[in-house]
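Since the structure comes first, as structure tokens, the remarks are kept for the end.
The values are calculated or read from the model by the stated rules, or taken from the named source; none is laboratory data. Keep in mind it's a predicted model, so treat the numbers as computed, not measured. Cβ coordinates were reconstructed from backbone atoms using ideal geometry, including for glycine residues, and neighbour counts include every protein chain displayed.
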Amino acid sequence: MSKKTLKIAVIPGDGIGKEVMPEGLRVLKAAAQRFDLALDFHEIEWASCDYYLAKGQMMPDDWKAQLSGMDAILFGAVGWPQTVPDHVSLWGSLLKFRREFDQYINLRPVRLFDGVPCPLAGRKPGEIDYFVVRENTEGEYTNLGGVMYAGTEREIVIQETVMSRFGADRVLKYAFELANSRARKHLTVATKSNGIAISMPWWDGRADAVGADFPEVTIDKQHIDILSARFVLQPGRFDVVVASNLFGDILSDLGPATTGTIGLAPSANLNPERKFPSLFEPVHGSAPDIYGQNIANPVAMIWSAALMLDFLGQRAAHDAILKAIERVLVEGPRTRDLGGQASTTEMGEAIAALV
Ligand code: ATP
Ligand code: MG
């Protein structure tokens, strides 16, 4: 039987995206060799500020057609605020993908590795190991509303939250399935039903309704304020955490911040039905302050690539990459953000060699 070729769009983007992407590809190629995978990389120069400066737009008009046949998009980073305002680069690329490809899940693993200094005192490796699942398409982030009596003493601003049963149920279902697949089978539902008295009790109700199909999963509803405190004080409580767009936005930055450098944190923007390609990218941005020195930590990119393989059904390859990352974080070489002296390339090569 011939193996299926996985078509991957490779978009390095801007700044250190261009430095960490080669390390992501290096490790993917090593994994492809070891696990006999057929990976077909389509390297793309657009969705970058260089392209914008040359063409006046972030992407060509037929970007959607070019990406539609892909199994996944591997993305570096976008943004070069010196020459292109962030809202132009972001809205012209990543946010278009998110909307047009209905990537309604934003997934961020949060894990404390051995060998990485933890900003929280007294935490042991393995103690922090959970996923944040953020609703990525609706909720608090709408353009519905406006300012009345602008510029007067009576000025009033209103901005609506919109949640649909369709939109809430699909993210909750994804989170329950993820929790159900893990050993602890524990799902924390972020809420604020004591203060936001219409939408949040409704959200809690949808969690109960969707959860009825997952009797083995424990549901733990927590208000967003105490939940945030527990990310810091009792991170061992968490297994899978699901949240609306706004709460998830905050939690998905807070979580990774508790596990060390931003150079480690990966993310996925998923369309779980695979109707459209999903996108995998480091949490960090283009980091103009360190670009050009080959010192960026490539792990967030490499781990994002591993998440991509997992999503594409290659669990063994994902696990092998994670093991290689674990070992290099303990034994080195390490980049400067981890207290070492190694270059981006050296760290990427070391990980690739262990896959
Ligand atoms: P965004 O593009 O999401 O708005 P940002 O531009 O505010 O993010 P980043 O580009 O992520 O921020 O950079 C924030 C800080 O983290 C910078 O000082 C940068 O050098 C550092 N940093 C980011 N990524 C890495 C990395 N992979 N390795 C080492 N340091 C990093
Ligand atoms: Mg930026």
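Checked against the criterion of being aromatic (Phe, Trp, Tyr) and within 12 Å of ligand 2 (Cβ to nearest atom), region 66-87 has at least one qualifying residue.
For residue 74, the conditions (1) part of a helix (DSSP H, G or I); (2) away from ligand 1 (no atom under 13 Å from the Cβ) are fulfilled apart from (1). If I filter region 276-289 down to residues being away from ligand 2 (no atom under 12 Å from the Cβ) and in a loop (DSSP other than H, G, I, E, B), which single residue comes out as farthest from the chain's Cα centre (by Cα)? Result: 276. For region 130-182, filtered to residues that are without any contact (Cβ under 8 Å) to a residue 24 or more places away in the chain and assigned to a strand (DSSP E or B), the residue that is nearest to residue 249 (Cα to Cα) is 159. Pairing each residue of region 78-91 that is over 13 Å from residue 286 (Cα atoms) and in the same structural domain as residue 15 (by TED's automatic domain parsing) with any residue that is assigned to a loop (DSSP other than H, G, I, E, B) and more than 12 Å from ligand 1 (Cβ to nearest atom), provided the two are 6+ apart or on different chains, yields C-beta distances under 9 Å for 88/58; 91/58. Any residue at all in region 104-124 that is of a type outside the set (Gly, Ala, Ser), more than 15 Å from the chain's Cα centre (by Cα) and part of a strand (DSSP E or B)? Checked against the condition, which is being of a type outside the set (Gly, Ala, Ser), more than 15 Å from the chain's Cα centre (by Cα) and part of a strand (DSSP E or B), region 104-124 yields no hits at all.
Among the residues of region 229-256, the one identified as assigned to a helix (DSSP H, G or I) and touching a Leu at 6+ places or on another chain (Cβ under 6 Å) is 231. Taking the stated definitions as given, is residue 12 crowded, with 19+ Cβ neighbours inside 10 Å, in the same structural domain as residue 317 (by TED's automatic domain parsing) and either assigned to a loop (DSSP other than H, G, I, E, B) or in contact with a Phe, Trp or Tyr (Cβ under 9 Å, 6 or more places away or on another chain) (or both)? Yes.
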